[in-house]
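Since the structure comes first, as C-alpha cells, the remarks are kept for the end.
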Amino acid sequence: MTFEMAAVTAIFLATYFVIATELLDKTAAAMLGVGLVLALRLSPYDALLAKVDLNVVFLLVGMMIVVNIMSHTGLFEWGAVTIARGAKGNGLAIVLLLLFVTMFLSAFLDNVTTIILIAPITILVTQILDMPPVPVLALEAICSNVGGAATMIGDPPNILIGSRAGLSFNSFIINLGPVVLIVALVFLVVIAVMFRKSANVSDNAKRRLAATKPEKAIVEPLMLRRSLLVFAIILAGFFFSYVIHMEPGIVALCGAFLMASVCRIELHEVVEKVEWNTILFFVGLFMLIGALEHNGLFQWLGGMMLSATNGHLAVTALAILWCSAIMSAIVDNIPLVMAMIPLIKSVVPVFAAKMGLDGSPEAVMAVIEAPLFWALALGACLGGNGTLIGASANVVVSQIANRNKFKMTFWQFTRYGFPLMVLSLVISSAYLYLRYFRV
Amino acid sequence: MTYHLIASIVVFLIAYFFIATEKIDKTIASILGAGAVVILHLAPYDELLAKIDINVIFLLVGMMIIVHIMAQTGMFEWLAIMIVRKAKGNGMAIILALLTITAFLSAFLDNVTTVILIAPITILVAQILELPAVPILIMEAIFSNIGGAGTLIGDPPNILIGSSTGLSFNAFIFNLGPVCAVITIVSLVVVALLMWKASKVTAVAKARVAKAKPEKAILDPVMLKKSLIVFGLVMFGFFTGRLFDIQPGMVAVAGAFIMALVCRFPLVKAIEKVEWDTIIFFVGLFMLIGALEINGLFGYLGNMVLSLTHGNLMMTVMVVLWFSAITSMIVNNIPLIIALIPLINTMIPVFSQQLGLSPEAARVTVAEPLFWAMALGACLGGNGTLIGASANVVIGQIATRNKYKLGFLEFTKYGAPMTLLSLVICTAYMYFRYF
C-alpha cells in the first residue's frame, strides 16, 4: 500500500463517515472530499474528471425531466388510483405488486430509470391509503437492484462483465435468472411477513378510495398523448440501445428535450426541477471513487483477496461474491468490477493448469471462468443494497423521498438494505455452490 | 472531406441556424444536435463525452452559486449604490468605469467569472439610473474578451498556447498587452460616442441617488463578512491554483460549497438557482463542436488556409489572425487552437529555412508572431456572435433571467462591428511591430 493510496482511502472514509452520519449535506461532503484529494495532489485533476460517468449523469437528468413533464399531465395520479382500486384497497397486495413490477422493469431498464418512474406512483398510492411511504420506497430501490442482476442489460456491472468477458445475453439469463428469481420470491415472502401489520388500510381510506374517479386525474389529455408518444420512443431507444449503439444516457437526454418541445413546456421550468443536488453528489462521488481507483486500491484489495484463497476454486468464487458485495455496499460497483475483471482473468490459467484443463478453452470457460464472473456479477449487483450509497437507485430514491418531505436517512435505508443483502448473498452462495462446484 | 465530416458540419449548421434565429430554445437545439450526431454515428459517443469540458462547467456552477449566496447579503446593491454616488449619477462615467473594471479583471480572472461578478452590479446600477441595461451588458462581455486576450491566464486559448509553446507569462504581457490596451481605449471611445445620448440620467433618478443610503443595502452583515472571507480564498485559489495544477473549476466548486456551509445557506436552494439551462447548452455545444473536431474539420481548414499563403510570412500571420477570428466567431475557440498549434509548428522550420535563420532567431521572428496572431484572433473573434465565447452566452442568460431581451441578433449588432474594429487594430499592430 502506497502513501497516496492510504491518504486517499483515509479521505474517502472520512467523507463516508460524514455522509453516513449526515453531519454535512452529502453533496458538500463529496465535493469537499474531492477538493481535498486535489489540494493534497493525490490524483491529477484531469484523471478524476475523466472518471465522471457523464452517461449516468445524462440518464439521470433526462429521466428526471421526462418524469417531471409527464407528472404535469396527471398520468401518475391516474396510475396510482387505478392500482389502488384494482387491488380493492388491500395494502399488502399493492406493496407486493409495486415491488414485483419494479423488479421486472429493472431487469430490462436501468435501475435508476425504473425508480424514477415508479417512485412518484408509489408516493401517491401510499398517500391515498395512509400507508408509510419510506419503507416501500426503500424496498423498491432494493428490488430494482435485485431485478437488475438478472440480465446483461439490467445493471451496469453486468454490461461491463458481458462486454469484457464475452458472455452472451442468453448466458446471463440462464445462469443468473434462476438465482435472482429465487432471491426475488424469498424477498417478497419476507416483506409480506414484515408488512403484514403496517399494510392494513383504514376503513376511512378505503371509503375515500371507493369515491375516487380515476378519469378525473388526467388534467391535460392532449399533453398526455404527446408525452406518451415520446416516452414510447425513449423506451424503444432503451431496448434497442445496444443494437443502434446509443447509450441510454443520450437517449434519455434527447428524449427529454424532444418531449419538452413537443409538449410546449417552458424548458427553464422543467430544467430547474431536476434534482441537481443529487447530480452534483454523483459527480463528486465518481471523482472520489476515481481517486481510489487511480491509486490502485481496488487492484490491491482484489489481489490480496485472491492470494488469500489461492488454490481452491469454490472458496475463490465465494470470496469474490462476498468481497465484491461488501465493497460495493460501500463504494459504487462499477470501478470495483472494472478492477476485478482483469484480476479474475489472471487467475483463470492458474486454476486451469492445476485442474489439467489447459487444452480446452471451452471447458475452462464453463468450469472456471464463467462461474467466477457470475459470482462477481451477483456480488456487485446485490451488494449495492447494503447501504444508502451502495447503488445509484438508492441515492435517487432517498432524494425523491426527501423532496416529498419524507425523511429517508442513511440508517433508515440501511436498516432494510443490509439484512436483505445478507439474505440474498446467502441464497447466492448456496446457488453458486450447488450449481457450479458440487463435486 | 469525408462523409462523416460533411454530415457533422450539416448537423452543426442546422443546430446553429436554430440557435441564431431563436426559433427553438437554444438548449434544445444544441442537445438534439448532439443526439443527431450520436444517432448518425458521426463520432463515437465516448469521445464526444470526453470533449465536454467539465472544468468549465464546474467554474460556471461554482461561480453561480457563489454569486447567488453573496447576492443575499445585499453586497451587490451596496456596491451599485456606492458606484453611482461616487460618480455623482454621471451615467457615462459609470458605464466607462464598469467596462474598464471588466477589462482589467478579466485579464487576471476567467472571463466567465468576471462577467458573473459584474453583471448583477451592472443590472442594479442600470435600474437605479434608468439606463439601458442590455447594451452595457453586451459591452461588458466584449470587454471581458478583450481584457482576457492581454495575459497568459486571461483566456483559455492563451493558456493553451502558453502551455504548449513554452511562451512565458511576461512574453504574453509584452506582446499582447500593448495591443489589448489600445483596443480597450479605442473601444471605450467608441462606446462613449455610441451611448452619448442613452447615458443621460434623468433629474428624477439623480434625486433618487442623492437620497439613497448605501449602508441600508446590507441585509446580513455577519453573512457578508463570512462570505467575503471565503470569496477571498476563492480568488487566492484562482491566482495560485496554477502553481499547484488546480484548475479554476475545482476551486470555484469547492469554494461554493464551503461558502454555503460557512454561511449556513441551504445548499439545495443555492444549487437550484444555478442556470442549468446554460450548463446543458454548453454540454450540447461541446459535443457538437467535438464532433467537428473528431472528424478533423479544424485541421482541414487550417491546412487549406495555410497552403494558400505558403511562402510569405507576413501574409501567413495576417491570415492566421483573421482566419482564427472568423472561425472562433462561429465555434468555440479552444478546439480551433488545439488544431492550429501543431500546424503552425510544422510551418516554422519551412520559414526559418527560407529566411536562413538560426533556431533562436526563428523563434523570435517566425514562431512568436504566428502565435500572437493566433491568440489575438481566437480571443477577439469570440466577440463576433452570442455563442462565440462563453462569457457572451452567460451574459445572455443573466439578462434573460432578469427579463431583459438579449438574443443572438441583439448581441451580434454590437459584437460584430466591435470585432471588426479590434481586428483592424490588431492587423496594424502586427504589421508595425513585427514587420
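From B:E368, B:E360, which residue is out of contact with any Asp or Glu (no Cβ under 8 Å at 6 or more places or on another chain), in a helix (DSSP H, G or I), buried (at least 16 other Cβ atoms within 10 Å of the Cβ) and charged (D, E, K, R)? First the steps, then the outcome.
Values: B:E360 fails: buried (at least 16 other Cβ atoms within 10 Å of the Cβ).
Only one candidate passes the filter, namely B:E368.
In the stretch B:192-200 there is no residue matching the filter, namely being of a type in the set (D, E, K, R), touching a residue at least 24 places away in the same chain (Cβ under 8 Å) and crowded, with 24+ Cβ neighbours inside 10 Å. If only residues of the stretch A:250-272 that are within 19 Å of A:R403 (Cβ to Cβ) and more than 9 Å from chain B (Cβ to nearest Cβ) are counted, the one that is surrounded by the fewest Cβ atoms within 10 Å (Cβ to Cβ) is A:E269.
Candidates in the stretch B:1-49 are the residues that are part of a helix (DSSP H, G or I), within 7 Å of chain A (Cβ to nearest Cβ) and not aromatic (F, W, Y); of these, the one that is nearest to the chain's Cα centre (by Cα) is B:T27. Scanning the stretch A:274-289 for residues that are assigned to a helix (DSSP H, G or I) and either facing chain B (nearest Cβ under 7 Å) or farther than 24 Å from B:G249 by Cα (or both) yields a count of 3. When we screen B:I66, B:I95, B:I54, B:I101 for residues that are surrounded by 21 or more Cβ atoms within 10 Å (Cβ to Cβ), closer than 26 Å to B:P248 by Cα and more than 10 Å from chain A (Cβ to nearest Cβ), the only hit is B:I66. Out of all the residues in the stretch A:32-47, is one or more among the basic types (K, R) and more than 22 Å from the chain's Cα centre (by Cα)? Among the residues of the stretch A:32-47, at least one is among the basic types (K, R) and more than 22 Å from the chain's Cα centre (by Cα), which makes the answer yes. B:T327 meets the conditions (1) crowded, with 18+ Cβ neighbours inside 10 Å; (2) more than 20 Å from the chain's Cα centre (by Cα); (3) under 22 Å from B:A428 (Cβ atoms) in every case but one. The failed one is (2).
Quick grid of which residues meet (1) under 30 Å from B:A71 (Cβ atoms); (2) hydrophobic (A, V, I, L, M, F, W, C); (3) at pLDDT 90 or above:
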site	(1), (2), (3)
B:I337	no, yes, no
B:N345	no, no, no
B:S352	no, no, no
B:A362	no, yes, no
B:A373	no, yes, yes
B:L386	yes, yes, yes
B:I398	yes, yes, yes
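When B:G299, B:G311 are checked against the criterion of being assigned to a loop (DSSP other than H, G, I, E, B), more than 14 Å from chain A (Cβ to nearest Cβ), modelled with pLDDT under 85 and surrounded by fewer than 18 Cβ atoms within 10 Å (Cβ to Cβ), a single residue qualifies: B:G311. For the stretch B:227-243, the condition holds for at least one residue, the condition being that it is in contact with a Cys (Cβ under 6 Å, 6 or more places away or on another chain), buried (at least 18 other Cβ atoms within 10 Å of the Cβ) and either part of a helix (DSSP H, G or I) or more than 8 Å from every other protein chain (Cβ to nearest Cβ) (or both). Checking each residue in the stretch B:1-37 for being touching a residue at least 24 places away in the same chain (Cβ under 8 Å), crowded, with 19+ Cβ neighbours inside 10 Å and of a type in the set (V, I, T) picks out B:V11, B:I19, B:T27, B:I31, B:V37. Scanning the stretch A:153-206 for residues that are surrounded by fewer than 13 Cβ atoms within 10 Å (Cβ to Cβ) and within 16 Å of A:V337 (Cβ to Cβ) turns up A:S163, A:G166.
Among helices (runs of 4 or more DSSP H) entirely within the stretch B:247-295, having at least 2 residues that are at the interface with another protein chain (Cβ under 9 Å from one of its Cβ atoms) and modelled with pLDDT of 90 or more singles out B:248-262, B:276-294. Look at B:I334 and say whether it is away from every other protein chain (no Cβ under 14 Å), surrounded by fewer than 23 Cβ atoms within 10 Å (Cβ to Cβ), in contact with a Phe, Trp or Tyr (Cβ under 8 Å, 6 or more places away or on another chain) and assigned to a helix (DSSP H, G or I). Taking the combined requirement at face value, the residue does not satisfy it. Summed over the stretch B:403-435, residues that are of a type in the set (K, R) and outside any helix (DSSP H, G or I) total 2. Go through the residues of the stretch A:347-357 one by one and say whether even a single one is more than 16 Å from the chain's Cα centre (by Cα), modelled with pLDDT of 85 or more and either surrounded by 24 or more Cβ atoms within 10 Å (Cβ to Cβ) or of a type in the set (D, E, K, R) (or both). Scanning the stretch A:347-357 turns up no residue that is more than 16 Å from the chain's Cα centre (by Cα), modelled with pLDDT of 85 or more and either surrounded by 24 or more Cβ atoms within 10 Å (Cβ to Cβ) or of a type in the set (D, E, K, R) (or both). Only residues that are among the basic types (K, R) and either facing chain B (nearest Cβ under 8 Å) or surrounded by 24 or more Cβ atoms within 10 Å (Cβ to Cβ) (or both): list them for the stretch A:27-65, please. Correct list: A:R41 only. Can A:A256 be described as without any contact (Cβ under 8 Å) to a residue 24 or more places away in the chain, in a helix (DSSP H, G or I) and under 23 Å from the mean Cα position of the chain (by Cα)? No, not satisfied.
The values are calculated or read from the model by the stated rules, or taken from the named source; none is laboratory data. This is a predicted model, so every value here is computed, not measured. Please note: Cβ atoms are built from the backbone with ideal geometry, for glycine as well, and neighbour counts cover all protein chains shown.
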